[in-house]
Amino acid sequence: MASISPEPVAHRVLTGWGNTPRSSATVMHPATSGEMAASLADPPTRGVVARGLGRSYGDAAQNAGGRVVDTTGVGRVEIDDAAGTVTASGGTSLDDLMRILVPRGRFVPVTPGTRFVTVGGAIAADIHGKNHHKVGSWCESVQSMRLLVPSGEILEVTPQSDPDLFWATAGGMGLTGIVTEATFTCPAIETSQVLVDTVRAADLDAVMDAMVTGDHLYDYSVAWIDLMATGMSMGRSVLTRGRFARLDELDELGGATSDRPLAYNPTVRLAAPPWVPPGLLNKLSVRAFNELWFRRAPEHRSDELQSIAAFFHPLDLMRGWNRIYGSRGFLQWQFVVPDEAHDTLRSVVGALTESGCTSFLAVLKRFGPGNAGPLSFPAPGWTLALDIPAAVAGLGPLLDRLDVMVADAGGRVYLAKDSRLDPTLLHQMYPRLDQWRQTQRRVDPDGVLTSDLNRRLGLT
Amino acid sequence: MNDATGIPQTALVLGGTSEIAIATMTRLAARRCRHIVLACRDTQGGAVAAAHSLRTAGATQVDIIDFDAADATTHAATIDAATELLGDIDMVLMAFGVLGNQADFDADPMAAVAAVNVNYTAAVSCGLLTAQVLRRQGHGTVVMLSSVAAERARADNFVYGSSKAGLDAFSQGLSDSLVAAGAHVLVVRPGFVHTRMTAGMKPAPFSTTADDVADRIVRGLETGAHVVWAPSVLRWVFTVMRHLPRGVWRKVSAR
Ligand SMILES: Cc1cc2nc3c(=O)[nH]c(=O)nc-3n(C[C@H](O)[C@H](O)[C@H](O)COP(=O)(O)OP(=O)(O)OC[C@H]3O[C@@H](n4cnc5c(N)ncnc54)[C@H](O)[C@@H]3O)c2cc1C
Ligand SMILES: NC(=O)c1ccc[n+]([C@@H]2O[C@H](COP(=O)([O-])OP(=O)(O)OC[C@H]3O[C@@H](n4cnc5c(N)ncnc54)[C@H](OP(=O)(O)O)[C@@H]3O)[C@@H](O)[C@H]2O)c1
């Protein structure tokens, strides 16, 4: 990819993917691993944090008045076919990885809803994908990582050598150091096509029921849910589930694609306009969009072949789609509640629907077991994620109320998406926070690593 | 830090006993603004009661510090004291101001100079000191209480009006100068508000309350507005007023 080589150090205003909140920092762009290794040296008083592709929605990858280290300038990917592992620099994007891996018959262990995230960001948020119920989150596929810590050392960390530090870094939001490199397993695939089953569910109970009874039959599963549908249609959804097609299946179903079973060329078809008139997104336009989308989905369709891009990254088709929310931006709210708390999920969906706040499709997914990371987000149960324009009246108090419901049900919100949580709920949502803090302090006794997210929530 | 909905976690109020400021901070305290510093010329009485009510509204800590708008040589110490207490200052609300009386100003120009010194000069010195803090910390919001009087000077209060016009222009420039620092300025233009400042005066058309102004300010923070009017209709009223022929303006603005 052609890129303008950036100034080595520049003062810039940064935001997350939601374009809010904003703050300014000195951004450093190390271009070699040597420069990267020095990026924590002589830290400013307001500290340092790493930044990948800035796809966290809130303020995790920014550090007001301090230093931000852009990791994307150092790229290195090494594949060990025999071991089925890949070693990549922390700033490597999943987009680059897939372009290299897919034609060679491998896939990333976990992919979020966008491929424009880095390996370091995937570790720091311990990201999950549609296959969480089968393989867990990203860090469960990581065998080792190299972690630059404030002392200037680069530590080789594995779940065996230093489990505390490994799992504190998994979901640790960049606050244990800068991941300069990681080795992770990458599953083999026979084709680059996903065999997809789609079901339209009339309401929330129907989609939950379908997920509880059938998710185990699929490697990947996610439901899109319309929070603007009210009454009998509340929670109406489209559930899409699938797995990678095998070669023989491609021959049977694939037609034109079958002679290049591992072809992969994701394209960006559209770009959002640079400026969007305020008020473009309103209740009517979003309701109409959701309606169209629901009607378009088949009531039931099996064995449809979809490309990786279409199945995993439909949003990536439009570059800069976050701009449609205008300059005031938007936020994403994502929580998980345990299986037993399905009533809380219903109440939350009810409250959101009732509030009438403008929201495009929300994503519903059932997680499998969580892992040892004290700040890792996934936990067994239901997770729901939705985007809302930040300036919606009454949004803050509404989400505060819902956060309390989530916390009381034993659930939590996802820090990679957060931009407004009440810090007093943090401990209840992440009960192992103190354990995490102990490890964090071990590698960062002087509090060099910090971010706006950390200042806002008091993580460290 | 300000959150994605525009609400600060810490705030400094310059003119901490202002009724508009207290109504605003009461709302923000209920929205989890946890630590508030009230900077006042009288740190007893009204300030103590205000601090108490803000704690009741939800703030975990409210401190009161000395602040005299009339003495610019003390402003740096006030801002330093606030920084010391708050750490990062997410929001600075500048609510000090004196209305005065045009007849008194006509009789005693030095009284006018003193009022302008509070309304405008202090806004300049505190505004620039605040800007230094926000640039250093790389984020934050300034809320500036201007007035519709800044839009067009009136024969019966042009000293006040011109001081607010100065503040208003200053605030807009400050706003642009802080963009690169990731900081934001909200200019508030209320009309006639029923507070101590206007007690005993005949209300102007579209008069409003401190609570209403406070609601407009909070909404302005949520929407990321650069200017809010209170009540909002005044934006349109003054779009017209600004362009009235002088003679007509003299008549409609006369009280
Ligand atoms: C459209 C969209 C869909 C998404 N879907 C999902 C999803 O399905 N599942 C999911 O889990 N997430 C999802 N996300 C969130 C995203 O996966 C995470 O926020 C991820 O961390 C972004 O990676 P990044 O490289 O952009 O990191 P950034 O946003 O730049 O940084 C995120 C955090 O990682 C830290 N960090 C970055 N690089 C390093 C490094 N090298 N070393 C240490 N710390 C580092 C930063 O300090 C920060 O705390 C989605 C985001 C978008 C925009
Ligand atoms: N009320 C209106 O109709 C109206 C309309 C438009 C704009 N405004 C503006 O809104 C702001 C707040 O006014 P308000 O209506 O809330 O009236 P208020 O209650 O009288 O508030 C004015 C504040 O300014 C303070 N102040 C005055 N001189 C000071 C000085 N030398 N040093 C420190 N503080 C000083 C006052 O402190 P003390 O308590 O010590 O006096 C008081 O806290 C002012 O800037 C005003 O100009 C008001």
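Which FRET efficiency value, to the nearest 0.05, is calculated for A:THR230 and B:HIS226 with the Förster distance at 41 angstrom and r the Cβ-Cβ distance?
Values: r = 36 Å, r/R0 = 0.87.
The value I calculate is 0.70.
Report the gain in length on full extension from A:HIS216 to A:MET318: 0.36 nm times residue separation, minus Cα-Cα distance, nm rounded to one decimal.
On the way: separation 102, 0.36 × 102 = 36.72 nm, distance 3.15 nm.
Gain in length upon complete extension: 33.6 nm.
In straight Cα distance, which lysines are under 20 Å from B:LYS251, not counting same-chain residues fewer than 8 positions off?
The reachable lysines, counting only those whose Cα sits under 20 Å from B:LYS251, are B:LYS202.
Taking the Cα centre of the range B:10-253 as the origin and placing charges on Cβ (Lys, Arg +1; Asp, Glu -1), which of B:ALA82, B:VAL188, B:VAL233 is farthest toward the positive end of the dipole?
Comparing the listed Cα positions along the dipole, B:VAL233 ranks first.
Using R₀ = 25 Å, calculate the FRET efficiency as 1/(1 + (r/R₀)^6) where r is the Cβ-Cβ separation of A:ARG295 and A:ALA188; round to 0.05. Numbers along the way, then the final one.
On the way: r = 38 Å, r/R0 = 1.52.
The pair A:ARG295/A:ALA188 has a calculated efficiency of 0.05.
Less than 12 Å from a label point 7 Å out along the Cα-to-Cβ axis of B:ASN101: which backbone N atoms in the range B:191-224 qualify, by residue?
It comes to B:200-201, nothing else.
With an 8 Å cut-off on Cα pairs and a minimum separation of 6 or more residues, tell me the relative contact order of chain A in percent.
Details: 1064 pairs, mean separation 84.2, N = 460.
Normalised by residue count, the contact order of chain A is 18 percent.
Quick one: dipole size for the range A:193-421, taken about the Cα centre, charges +1 on Lys/Arg Cβ and -1 on Asp/Glu Cβ, in debye to the nearest 20.
Charge dipole of the range A:193-421: 960 debye, to the nearest 20.
So if each residue of separation counts as 0.36 nm, and I subtract the Cα-Cα distance between B:SER53 and B:VAL124, what length gain in nm does that give?
Extra length from B:SER53 to B:VAL124 when fully extended: 22.6 nm.
Can you sort A:GLU181, A:GLU340 by how many other beta carbons sit within 10 Å, fewest first? Numbers along the way, then the final one.
On the way: A:GLU181 24, A:GLU340 11.
By the 10 Å Cβ count, ascending, the order reads A:GLU340, A:GLU181.
Using helices alone, I'd like the mean residue ellipticity at 222 nm for chain A: each DSSP H run of four-plus residues gives -39500 (n - 2.57), total over residue count, nearest 500.
-7000 deg cm²/dmol
With a 10 Å radius around each residue's Cβ, average the other Cβ atoms per peptide and rank B:86-97, B:146-157, B:66-77, B:199-210, highest first. Spell out each step's value before the answer.
Working: B:86-97: 24.1, B:146-157: 19.8, B:66-77: 16.3, B:199-210: 13.5.
Those peptides, ordered most packed to least, come out B:86-97, B:146-157, B:66-77, B:199-210.
In chain B, which helices (entire DSSP H runs) extend 30 Å or more along their own long axis, judged by Cα positions, while averaging at least 1.0 on the Kyte-Doolittle scale? Kindly include the intermediate steps, with their values, before the conclusion.
Details: long enough: none.
Helices meeting the criterion: none.
Could you give the length gained on full extension between A:ALA271 and A:GLU156, defined as 0.36 nm per residue of separation minus the Cα-Cα distance, in nm?
Values: separation 115, 0.36 × 115 = 41.40 nm, distance 4.05 nm.
Contour length minus Cα-Cα distance gives 37.3 nm.
In straight Cα distance, which lysines are under 29 Å from A:LYS134, not counting same-chain residues fewer than 8 positions off?
Candidates past the 8-residue exclusion: A:LYS365, A:LYS417.
Sort A:THR183, A:THR176, A:THR32, A:THR191 so that the residue with the fewest other Cβ atoms within 10 Å of its own Cβ comes first and the one with the most comes last.
Numbers: A:THR183 18, A:THR176 31, A:THR32 10, A:THR191 25.
Taking fewest neighbouring Cβ atoms as first place, the list is A:THR32, A:THR183, A:THR191, A:THR176.
Around A:LEU364, under 13 Å between beta carbons, what's the net of Lys plus Arg minus Asp minus Glu among the other residues? All intermediate terms of the calculation are to be shown ahead of the outcome.
On the way: positive: A:LYS130, A:ARG236, A:ARG241, A:ARG346, A:LYS365, A:ARG366; negative: A:ASP203, A:ASP205, A:ASP209, A:ASP215, A:ASP226.
Once positives and negatives cancel, what remains is +1.
If the cut-off is a Cα-Cα distance under 20 Å, which aspartates and glutamates reach A:LYS283, setting aside same-chain residues fewer than 8 apart in sequence?
Straight-line reach from A:LYS283, under 20 Å: A:ASP226, A:GLU291, A:GLU354, A:ASP387, B:GLU222.
Let's test the formula: R0 of 25 Å, r as the Cβ-Cβ distance of A:GLN143 and A:ILE100. What FRET efficiency results, to the nearest 0.05?
Numbers: r = 19 Å, r/R0 = 0.74.
Computed FRET efficiency for A:GLN143 and A:ILE100 comes out at 0.85.
Measure out, as a whole number of angstrom, how far apart the alpha-carbon centroids of the range A:91-122 and the range A:192-239 sit.
26 Å
Bear in mind these aren't lab numbers, they're just calculated from the coordinates by the rules spelled out. Keep in mind that what you see is a predicted model, and the values were worked out from it rather than measured. All Cβ positions, even for glycine, are placed from backbone atoms using ideal geometry, and neighbour counts span all protein chains on display.
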